[in-house]
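Just below is one structure, and these are the notes that go with it.
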Number of protein chains: 2
Amino acid sequence: MKEDLEKLNVVVPDTFFPIEKLAKYTHLGSVKTYPKGSTVVFPGDKMLTLGYVIYGRLRISTFFEDEREKLLYFAGQHCILALLFTELSEIYAVATEDSRVCFFSERQIRQIFRADDDVAIDVLKSYQSKINYYIKQVTEMDYFNPTVRVVRLLYKLCLTSGIEVDDCIEINIDLSMKDISEITGTHYVTVSKVLGWLRRQNILEKKKNKIIIRNLAKLNILTHETHILEATNEKIIK
Amino acid sequence: MKEDLEKLNVVVPDTFFPIEKLAKYTHLGSVKTYPKGSTVVFPGDKMLTLGYVIYGRLRISTFFEDEREKLLYFAGQHCILALLFTELSEIYAVATEDSRVCFFSERQIRQIFRADDDVAIDVLKSYQSKINYYIKQVTEMDYFNPTVRVVRLLYKLCLTSGIEVDDCIEINIDLSMKDISEITGTHYVTVSKVLGWLRRQNILEKKKNKIIIRNLAKLNILTHETHILEATNEKIIK
């Protein structure tokens, strides 16, 4: 039970709380297959459906005013796309792998909820997980400078997914600089500067599918700083 | 239906989507009365319950790292406190009016969902409304300067709750400068400066329980600016 609830607090907006139990009911919904690179939902599409990723992976973003695209989350297997109460989509969902998605209408969701309250509770958990994530995001953006937000993301990833290897901690994750930039709302160039600085300080190194933390204690100290790069010139950390 | 769904997009984090239908089931939960000023939930309290405001009003905040308090939302009548999957509370809920709150356990919520899928759908709507709000907040904080966020909040309030009176638009709302500061993540002093400037420009005036908009077109232009107060010295708006 406790372990289950910890899954509601994600560090990276990826799939949030996956709902395995909904897989039993995909025969009730409308199932479609999307090759890699194809669009699953366009902004403006008529929705009022709950999407459910049977397999594959989607990238969900939104467009903001003058065409600026903002990443919202990644949707892997058993992730739901909460569009049940959205008449016209405000999201843009693209398959980044060959994917299969089931769409349920409200009538079908009601039918499933009546038959299986475990699913209802799991859908609530999935929504709750999103709320938890976005509330944390607002707080982070309120209190921390973009450079510190990058460090905080890396530190939290280390705590949740880090594995001790020799005298380092490794995080096996395929997280691009662009992803880090979009998740933290930090400019790509700033992310690059922060990562470069962390590497030169021998604190952390980002490889293709892996992040290696060489000095967790220093990384932790940096999460409480107000700025990271202002200290760069002096190259001093207490 | 459509009108109902528009209620899922709130401008001020107040009650989100109220669930009238849950009032029928409060005999199943555990009901408590809280005089004005008393604490409903402390950080660290054991929860795993869904709170439901039968009447009254609560202020929900969270504490962040070194004791900084952050307003999350106001909970008026029929608002839910989504703590069903929260083992130890991270929120601080205070009654700002004499209030009565019902707490449901997961077992009770399952029982209600099985008996009444309308309630299940409305609970989902309430969660969805929170997700919508906090996603918008993250986007606002990502793209807009604090001064512009204040203007954008006032503009959106005008569109959703404004009433034409003579040649002005009035919003009847008891929203303090502190509330505006906390909702937009803008320093109290900055809020005060922006409001002073808007008044001097004859665009908008904030009174105790009312906001009067004298020039909506100019207010709209300001929502797309990158900074408000930098223009102050020149006192020029196109």
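Any read-out appearing in this document is the output of simple, stated calculations on the displayed coordinates, not a laboratory observation. Just so it is clear, the model here is predicted, and its values are computed rather than measured. Positions of Cβ are backbone-derived with ideal geometry, glycine not excepted, and every protein chain shown enters the neighbour counts.
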Taking every alpha carbon pair in the stretch B:2-135 and sorting the distances into 5 angstrom bins from 0 up to the bin holding the longest one, the percent per bin comes out as 2, 11, 20, 24, 22, 14, 5, 1, 0
In whole angstrom, largest first, the equivalent ellipsoid semi-axes that the Cα gyration tensor gives for chain B are 36, 19, 16
Expected integer from the mean partner chain Cβ neighbour count at 10 Å over A:108-115 is 3
Shortest first and in nm, the label-point separations between B:ILE221 and its counterparts in the other identical copies (7 Å out along Cα→Cβ) come to 5.1
Shortest first and in nm, the label-point separations between A:ASP118 and its counterparts in the other identical copies (7 Å out along Cα→Cβ) come to 2.9
Low-density loop chymotrypsin sites (Phe, Trp or Tyr not before Pro), the stretch B:33-84, at most 15 other Cβ within 10 Å, DSSP non-H/G/I/E/B, are none
Fewest-first ordering of A:CYS168, B:CYS158, B:CYS79 by Cβ atoms within 10 Å yields A:CYS168, B:CYS158, B:CYS79
For the stretch B:89-140, the charge dipole (Cβ of Lys, Arg +1; Cβ of Asp, Glu -1; about the Cα centre) points to a positive end, and the Cα of B:CYS102, B:LEU124, B:TYR134 closest to that extreme belongs to B:LEU124
Distribution output for the protein assembly as shown: share of Cα-Cα pairs per 20 Å bin in percent, first bin at 0, values 22, 55, 23, 0
Treating only Lys and Arg (+1) and Asp and Glu (-1) as charged, each at its beta carbon, one finds that the stretch B:123-219 has a dipole about its Cα centre, in Debye to the nearest 20, of 180
Hull surface over four for the Cα convex hull of the stretch A:144-231, reported in nm², is 5.0
FRET efficiency (A:ARG200, A:ILE173; Cβ distance; R0 30 Å; to 0.05) is 0.85
Pairs over 32 Å Cα to Cα, from A:LYS32/B:LYS21; B:LYS70/B:LYS193; A:LYS24/A:LYS130; B:LYS32/B:LYS125; A:LYS156/B:LYS24, come to A:LYS32/B:LYS21; A:LYS156/B:LYS24
Phi angles of the stretch B:93-105, converted by Karplus (6.51 cos²θ - 1.76 cosθ + 1.60, θ = phi - 60°) into ³J(HN,Hα) in whole Hz with x for Gly and Pro, give 10, 10, 6, 9, 9, 4, 9, 10, 10, 10, 10, 10, 7
With one decimal in nm and the nearest listed first, the spacings from A:SER30 to its own position in the other copies, using label points 7 Å along Cα-to-Cβ, are 4.5
Membrane-span-like helices (DSSP H runs, Cα span along own axis at least 15 Å, mean Kyte-Doolittle at least 0.0) in chain B -> B:146-161, B:188-200
Measuring from its Cα centre, the protein assembly as shown shows a charge dipole (+1 at each Lys and Arg Cβ, -1 at each Asp and Glu Cβ) which, in debye to the nearest 20, is 340
